[in-house]
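Visitor: Encoded as structure tokens, here's the structure I'll be asking about.
The values are calculated or read from the model by the stated rules, or taken from the named source; none is laboratory data. Quantities reported herein were computed from a predicted structural model and do not represent experimental measurements. Positions of Cβ are generated from backbone atoms using ideal geometry, with glycine treated the same way; all protein chains shown enter the neighbour counts.
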Amino acid sequence: SFPAEAVPQAPEDALFGLMRAYRADESKDKVDLGIGAYRDDNAKPWVLPVVKKADEILRNDPDLNHEYLPIAGLNSLTSKASELILGASSPALAEKRTTSVQTISGTGAVHLAGLFLARFYKVDGANRTVYLSNPTWANHNQIFTNVGLPIATYPYFDKATRGLDFAGMKAALAAAPDRSIILLHACAHNPTGVDPTPDQWREIADLMRAKRHFPFFDCAYQGFASGDLDRDASAIRLFVDRGFELVVAQSFAKNFGLYGERAGCLHFVSSPSAGAAEVTARVASQLAILQRSEISNPPLYGARIASAVLNDEALFAEWRDNLRTMSGRIIDMRRALRSRLEALGTPGQWNHITDQIGMFSFTGLSEAQVARLREEFHVYMTKNGRISMAGLNTRNVEYFAKAVDKVVR
Ligand code: PMP
């Protein structure tokens with residue numbers, strides 16, 4: 001019989017454990033800066049107005065049914081999603097060098113790409129190790145380990161400046177064996193909020209070209225970082241322009257606020273060559289086989305919503321507006337937090353709060369300070385000092401700044 005007796009207790013997921021503790025806290029002052037989900041100024045989840053509209057349109061469609069999607073997902077979504085990430089005029093699209101599969105949000109896209117690489121990234125001279133930024137989204141470690149790919153890290157965050165350790169990153173990419181797999185956050189790096197500048201991206205691309213590394217882009221925040229969909233995709237487009245063969249894991253959780261609906265895509269882009277379209281077709285056929293055994297076919301609802309928005313000019317324009325609302329409020333909160341800390345004369349430099357971008361800020365608070373914030377002030381954040389900016393609002397930012405001031409002194 002199966003020796004279930006021998007199964008050890010696994011630790012609770014740190015982030016979901018934090019969420020549970022927050023919910024159980026009865027203080028009226030409590031502040032949730034843990035999970036990366038957008039909240040409005042009333043600390044409430046925000047259903048994007050454009051998503052409400054798309055939902056209404058779908059619900060009034062008498063022909064709507066609940067049949068299975070194809071294995072690769074909703075074609076009207078995947079085709080527009082590839083244009084969204086690569087740019088509608090990308091030569092890669094015109095040359096049919098891309099293939100796209102709808103996935104279980106960004107996590108599923110990272111997993112499916114990981115599974116694909118575990119199966120096929122085996123050619124002579126290639127290094128199967130996946131290099132992750134230090135730090136990175138914690139789930140990356142587990143996802144790649146689960147599919148049997150070794151992982152290593154490259155330096156990313158400079159504790160002194162609370163910015164990018166660019167020299168360390170470049171040295172590690174140069175020292176990695178040729179043709180390694182390098183995971184890059186396309187924008188709004190999680191957990192640090194620190195992104196390379198456009199010039200730095202060009203240098204990274206040059207270096208990776210020389211080393212023939214394989215770029216694996218994780219894009220969970222397109223449009224959410226700067227409020228501009230094209231700008232947030234610019235690193236990916238740079239690498240495609242340079243002729244890299246690459247993958248992109250694309251999540252619609254944050255930018256559509258479709259967290260629980262699990263909408264996302266995996267895109268594979270081949271290098272330009274005479275046979276690129278055939279190569280891409282073979283990749284597509286293998287992704288379909290892997291997808292079939294993993295999930296058979298992806299979920300419908302979130303895909304329909306995102307597709308409705310991406311395929312309608314007016315809804316698309318409204319979505320861009322909604323994105324600016326979310327990113328704008330977050331940028332406002334960065335300014336508000338920094339200016340309050342500076343006004344309080346809180347010891348230390350706080351410019352990184354506004355220099356960093358996207359959902360998260362790596363505050364530089366120590367584990368002990370984070371623990372005090374939770375125990376004395378009912379502020380919930382991950383112990384690495386990361387805060388979700390979306391958890392701050394005009395009502396609690398002052399309270400949070402004062403609490404930080406107290407624990408830092
Ligand atoms: N990658 C990164 C870097 C993320 O921050 C997230 C969301 N926390 C994801 C992938 C995947 O999220 P989801 O599966 O909800 O799309």
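Visitor: Just to check your reading of the model, which residue among ASP29, ASP63, ASP41 is assigned to a loop (DSSP other than H, G, I, E, B) and either under 24 Å from CYS219 (Cβ atoms) or free of Cβ contacts under 8 Å to residues at least 60 places away in the same chain (or both)?
Guide: Answer to the check: ASP63.
Visitor: A further question follows. Within segment 118-140, restricting attention to residues that are in a helix (DSSP H, G or I) and either under 17 Å from the mean Cα position of the chain (by Cα) or aromatic (Phe, Trp, Tyr) (or both), which residue is farthest from the ligand (Cβ to nearest atom)?
Guide: Out of the qualifying residues, it is PHE120.
Visitor: Restricting to segment 198-230, give me the number of residues that are more than 17 Å from LEU266 (Cα to Cα), buried (at least 19 other Cβ atoms within 10 Å of the Cβ) and of a type in the set (S, T, N, Q).
Guide: Residues flagged as more than 17 Å from LEU266 (Cα to Cα), buried (at least 19 other Cβ atoms within 10 Å of the Cβ) and of a type in the set (S, T, N, Q) within segment 198-230 amount to 1.
Visitor: Just checking, does segment 330-347 include any residue being small (Gly, Ala, Ser), under 20 Å from TYR22 (Cα atoms) and in a helix (DSSP H, G or I)?
Guide: Looking for residues that are small (Gly, Ala, Ser), under 20 Å from TYR22 (Cα atoms) and in a helix (DSSP H, G or I), one finds none in segment 330-347, hence no.
Visitor: For PHE16, work out the one condition from (1) modelled with pLDDT under 95; (2) in a loop (DSSP other than H, G, I, E, B) it doesn't fulfil.
Guide: (2)
Visitor: List pairs: first in segment 330-359 and among the aromatic types (Phe, Trp, Tyr), second surrounded by 17 or more Cβ atoms within 10 Å (Cβ to Cβ) and assigned to a helix (DSSP H, G or I), Cβ under 6 Å, 6+ apart or cross-chain?
Guide: These pairs meet every condition: TRP350/ARG338; TRP350/LEU341.
Visitor: While we're looking at this one, here's another question. Does any residue of segment 251-258 turn out to be aliphatic (A, V, I, L, M), within 11 Å of the ligand (Cβ to nearest atom), buried (at least 17 other Cβ atoms within 10 Å of the Cβ) and under 30 Å from TYR301 (Cα atoms)?
Guide: yes
Visitor: Among the numbered criteria (1) of a type in the set (Lys, Arg); (2) more than 16 Å from the ligand (Cβ to nearest atom); (3) crowded, with 24+ Cβ neighbours inside 10 Å, which single criterion is violated by ARG237?
Guide: So ARG237 meets the others, but not (3).
Visitor: Additional query: Select from segment 100-112 the residues that are of a type in the set (S, T, N, Q) and within 14 Å of the ligand (Cβ to nearest atom) and list them in ascending order.
Guide: GLN102, THR103, SER105, THR107, listed by residue number.
Visitor: From the list ALA186, ALA160, ALA167, exactly one residue is in contact (Cβ under 8 Å) with a residue 60 or more places away in the chain and not polar (S, T, N, Q). Which is it?
Guide: Step by step, each of ALA186, ALA160, ALA167 is checked, and only ALA186 is in contact (Cβ under 8 Å) with a residue 60 or more places away in the chain and not polar (S, T, N, Q).
Visitor: Shifting gears a bit: Which one of these is away from the ligand (no atom under 14 Å from the Cβ) and part of a loop (DSSP other than H, G, I, E, B): SER285, SER273?
Guide: Residue meeting the stated conditions: SER273.
Visitor: Only one of LEU115, LEU86 is touching a residue at least 24 places away in the same chain (Cβ under 8 Å), within 16 Å of the ligand (Cβ to nearest atom), within 30 Å of TYR301 (Cβ to Cβ) and buried (at least 18 other Cβ atoms within 10 Å of the Cβ). Can you tell me which?
Guide: LEU115
Visitor: Another question, then. So ILE35 fits all but one of (1) of a type in the set (Val, Ile, Thr); (2) over 22 Å from SER296 (Cα atoms); (3) modelled with pLDDT of 95 or more; (4) within 16 Å of the ligand (Cβ to nearest atom); what number is the exception?
Guide: (3)
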